[in-house]
1. By how many nm would the segment from ALA419 to VAL533 grow when fully extended, if each residue of separation counts as 0.36 nm and the alpha-carbon distance is taken off?
2. Can you work out the PRE-style zone for VAL629? Point 7 Å along Cα to Cβ, and I want the residues of segment 664-701 with backbone N under 15 Å.
3. Using only the Cα atoms of segment 182-316, what semi-axes does the equivalent ellipsoid have when each is the square root of 5 times a gyration tensor eigenvalue? Give whole Å, largest first.
4. Specify the longest stretch of the chain that does not include any exposed loop site, a site being one of the GluC sites (Glu not before Pro) with a non-H, G, I, E, B DSSP assignment and at most 11 other Cβ atoms within 10 Å.
5. Using the scaling law 2.2 N^0.38 Å as the reference, what is the normalised Cα Rg of segment 100-143?
6. Can you run phi through the Karplus equation (6.51, -1.76, 1.60; θ = phi - 60°) for segment 696-706 and list ³J(HN,Hα) in whole Hz, with x for Gly and Pro?
7. About the Cα centre, and with charges only on the beta carbon of Lys, Arg (+1) and Asp, Glu (-1), how big is the dipole of the chain? Nearest 20 debye, please.
8. Just subtract the alpha-carbon distance of GLU379 and ILE43 from 0.36 nm times their residue separation and send over the number in nm, one decimal.
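FYI, it's all coordinate maths here, none of it is from the lab. Treat the numbers as computed from the prediction; the structure is a model and nothing was measured. Cβ: placed from backbone, ideal geometry, glycine included. Neighbour counts: every protein chain shown.
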Amino acid sequence: MKRLLQRMTTEEKIGQLLQLSADFFADNQAVITGPMKAHKLTIETVYNAGSVLGISGAARVRKIQTDYLAHSRLKIPLLFMADVVHGYRTIFPIPLALGGSFSPQVMQQAAEVAAAESAAGGVHVTFAPMVDLVRDPRWGRVMESTGEDPYLNSVMAKAAVTGFQGLETLDQDHIAACVKHFAAYGAPEAGREYNTVDISEWRFREQYLPAYAAAIESQALLVMTSFNTLFGVPATANQRLMRQILRDELQFNGVLISDWDAIGELVHHGVAGDLSAAADLALKAGVDIDMMSFAYAKYLERVSKLDQQTAQLIDESVLRILELKQTLGLFDDPYRGISEDREQKIIQSEANLHAAQIAAEQSIVLLKNRQQVLPITPEKRIALIGPLADTGDILGSWSWSGKAEETPHLRTTLEQAVAHVQVARGSDYHMGNDALLHEAEAIARDADLIIAAVGLPSDESGEATSMTDIRLPESQRKLLRLLASLGKPLVTVVFTGRPMDLTEVDALSDAVLLAWFPGSRGAQALTNVLTGVVNPSGKLPMTFPRSVGQVPLYYNYYRTGRPINHDQTDDENKYLSKYIDESNDPLYPFGFGLSYADFELSDLTTDTAILKPESTVNLQVRVVNHSNVPGQTVVQWYIHQEVGETVRPVKQLISFEKVMVPAQGIVTCSLALTPDMLASMHMNLTESTDEGNYQIMVGLNADDIQQQEIQYAENKEEHNA
Ligand code: GLC
């Protein structure tokens, strides 16, 4: 590629650094369109652009690539990138739901199916996985993350990158992964979209950095910069973040692409006086591709002729882009992966749709099931009521090519499974009226059991959807109050892209089922769970608060000097870290999810109480299923460090295992504990393991745990007990 680089003109080099949106290629060729005129670009600039985002479809990509190469002096292929986040045409549950499956296998398969379908449609790179750690449900993009825990996010990040790119080679059924958003975009102050992120480097490195590192360890070929400021400088201009941490420490040598116009936004942030200065800052930070700010295209050519450093930086970026195109095989075959035939065969194939259904079945979370009101039996007369009872809008945000109109409705699948189903809307998403309520009441009175399908539309989570009130809209809560007053069993199914304040929903309902946005076969998956064909096994990847006033609320919070002591009275408990108007506890904790089976953890044992360097402590626990229903559950291993150089979380997930336990069966799960699993971030911003006592906890969620004390000693000889 260096020889090719040497043959390129400065204009051609800078062209490779430019990414354009799809509308610059109308009618399958570059044309003078509104955006081009608006940005005063020439047709030559467009034909010089190195990549385009948001275009797919075998025939369309083939035509554009052909037209583009005809105008390329050196025949450097155009790179096609897209947001294939949780599916291409077969849409899987939103990533937050996939995180809640606690199954890396499910995440990897979702990415594999998305890669195969989109590669056939000519996509080369996906802007995924998004691995931002999230703890604030007011922020709409929590739906795109896998949750609040560094370890869970790291496991899922690896699975996603492996699914998208493949294990060894990047073959025709796989696409390059672009891990995003670097970094810490998930921690905007007040949960307000695009707001400042201001966390210590100590916390960033302990809680936020691990998942990006995991994705890069899995050889993610691209990274995307985040819109937000971090450590006082916007990420896209942050040399410490991008050169020192990303490139040097994490040894990332792939392509760094800005988020949409993030270079241009450096002017709004106030760190660049104009677009030219913004281009200079971003280039120096190591941003290779400018997504849609045009700063590079407009200002780098003149500067590069005056400034050798700029010319050198441009060459480095261009070389990384050329190498990415070579890794993708585009120089050998600019039409790599494109196949109208495969498009026909695999897109929305039954196998792919079935995989999406399994993923949904693994992600749905049973949050309440009073007196085993679920599963329902086929002879029950059901009233299905709510704005999500009869809609295909269950794909969630970032489902790009997914089509709601081809997505089965819950009404349809339930009517196929249960003999007597009556359906009423009861309320719109945000508005209701007496007529809707009367219609709902009439069918509810005629039923044995009510299923309320409530929640938000897909477009009320995802980018630019921050909210201050995370309860169900009042009109839907009013509907639930009416239904609950009828004295019939009430099962509430919640469709949402974020944790919501379900306090009132929980109080009104006999059962609560969290559907998230379950994707193309979500309705069938839900019906299978409602009727007991499938035993739910999803767990919460994010805490559900009792009130938005508790947010950010997460399980692995750092200890304080004034911990609550549940053995003391409220008067004795006055001057402690708490509220006077709400509990500290969540409504539903991280890792929580019920089953139709009756699981119990017992007999936690360890083969020794002393852990030494280079050694392992083996712990075991038994999972007992006291019921006649087989089912899966997630055994979660946490640690609590009693004394550390820096304050330690009250508990931290270090391992988990999703297991199937037969009816009346017992399964033994084990943990091989090594010193590195106890490591913590120290004041000098390096990780190491302190000597001392650690509680090793095991549970089926973050609150209900058993524990064993282990001592980590670097020199102490083990005393014979
Ligand atoms: C958006 C998002 C980013 C996405 C990009 C391209 O603004 O922040 O996640 O990949 O633009 O669509």
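1. Details: separation 114, 0.36 × 114 = 41.04 nm, distance 1.57 nm.
Contour length minus Cα-Cα distance gives 39.5 nm.
2. Output list for this probe position: 664-665.
3. Numbers: eigenvalues 119, 65, 27 Å².
For segment 182-316, the ellipsoid semi-axes come out as 24, 18, 12 Å.
4. Details: sites that count: GLU168, GLU379, GLU572, GLU614, GLU714, GLU717.
Here the longest run is 169-378.
5. Working: Rg = 13.2 Å, N = 44, 2.2 N^0.38 = 9.3 Å.
Normalised Rg, Cα atoms only: 1.42.
6. After applying 6.51 cos²θ - 1.76 cosθ + 1.60, I find 9, 10, 9, x, 9, 6, 6, 9, 9, 10, 10 Hz.
7. Numbers: 59 positive and 90 negative charges, 285 e Å.
Approximately 1360 debye in magnitude.
8. Details: separation 336, 0.36 × 336 = 120.96 nm, distance 6.61 nm.
Length gained, GLU379 through ILE43: 114.3 nm.
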